[in-house]
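The values are calculated or read from the model by the stated rules, or taken from the named source; none is laboratory data. Note that the coordinates shown come from a computational prediction; the quantities given were computed from them, not determined experimentally. Backbone-built Cβ (ideal geometry, glycine too); neighbour counts: all protein chains shown.
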Amino acid sequence: MLEEMPESMEFLRAVLGLIGAGCAAMAARALVGVRKGWLKPSRAAGWLIRTVLCLAGVMFRHRVDALEIAVWVLMAAAAGVGWWVAAHPKPQEDLTTRIFPDEK
């Protein structure tokens, strides 16, 4: 007979999965930054370590279940979005004409 985890532990696993998804997005952004020379590799390594630790916390003492699969999918989607956002930055708007209008 299988013992079920208390609901509070399942809630904490879900919260840890959400934190891990955020870490995955930041790791992807940091990897793009390292690739383009904007960031040091240690920043990307830090986010990757955080992501792996969150994923390990969700997996700790559990078989693969629906929550774990949902966390994996969410982490992959967050990493993809983070990569896309960092790889396609929005051009900075030139505000000099608004700040210093031509005086005639």
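Here are some notes:
- Taking segment 71-86 as the range and being surrounded by 14 or more Cβ atoms within 10 Å (Cβ to Cβ) and in contact (Cβ under 8 Å) with a residue 40 or more places away in the chain as the test, the residues that pass are VAL71, LEU74, MET75, ALA78, ALA79, VAL81, GLY82, TRP83, VAL85, ALA86.
- Segment 54-64 - residue that is surrounded by 14 or more Cβ atoms within 10 Å (Cβ to Cβ) and not β-branched (Val, Ile, Thr) and, of those, modelled with the lowest pLDDT: MET59
- Checked against the criteria, ARG13 counts as touching a residue at least 24 places away in the same chain (Cβ under 8 Å) and either surrounded by fewer than 14 Cβ atoms within 10 Å (Cβ to Cβ) or within 18 Å of the chain's Cα centre (by Cα) (or both).
- Matching residues, segment 88-102, being under 30 Å from VAL32 (Cα atoms) and among the basic types (Lys, Arg): LYS90
- Residues in segment 38-78 that are of a type in the set (Lys, Arg) and farther than 12 Å from GLY20 by Cβ: LYS40, ARG43, ARG61, ARG63.
- If the condition is being under 15 Å from the mean Cα position of the chain (by Cα) and closer than 14 Å to ARG29 by Cβ, then segment 39-60 contributes ARG43, ALA44, ALA45, GLY46, TRP47, LEU48, ARG50, THR51.
- Wholly enclosed helices (runs of 4 or more DSSP H) of the chain bearing at least 2 residues in contact with a Cys (Cβ under 6 Å, 6 or more places away or on another chain): 7-35, 41-59
- Residue in segment 20-30 that is among the small types (Gly, Ala, Ser), over 11 Å from the mean Cα position of the chain (by Cα) and surrounded by 14 or more Cβ atoms within 10 Å (Cβ to Cβ) present: no
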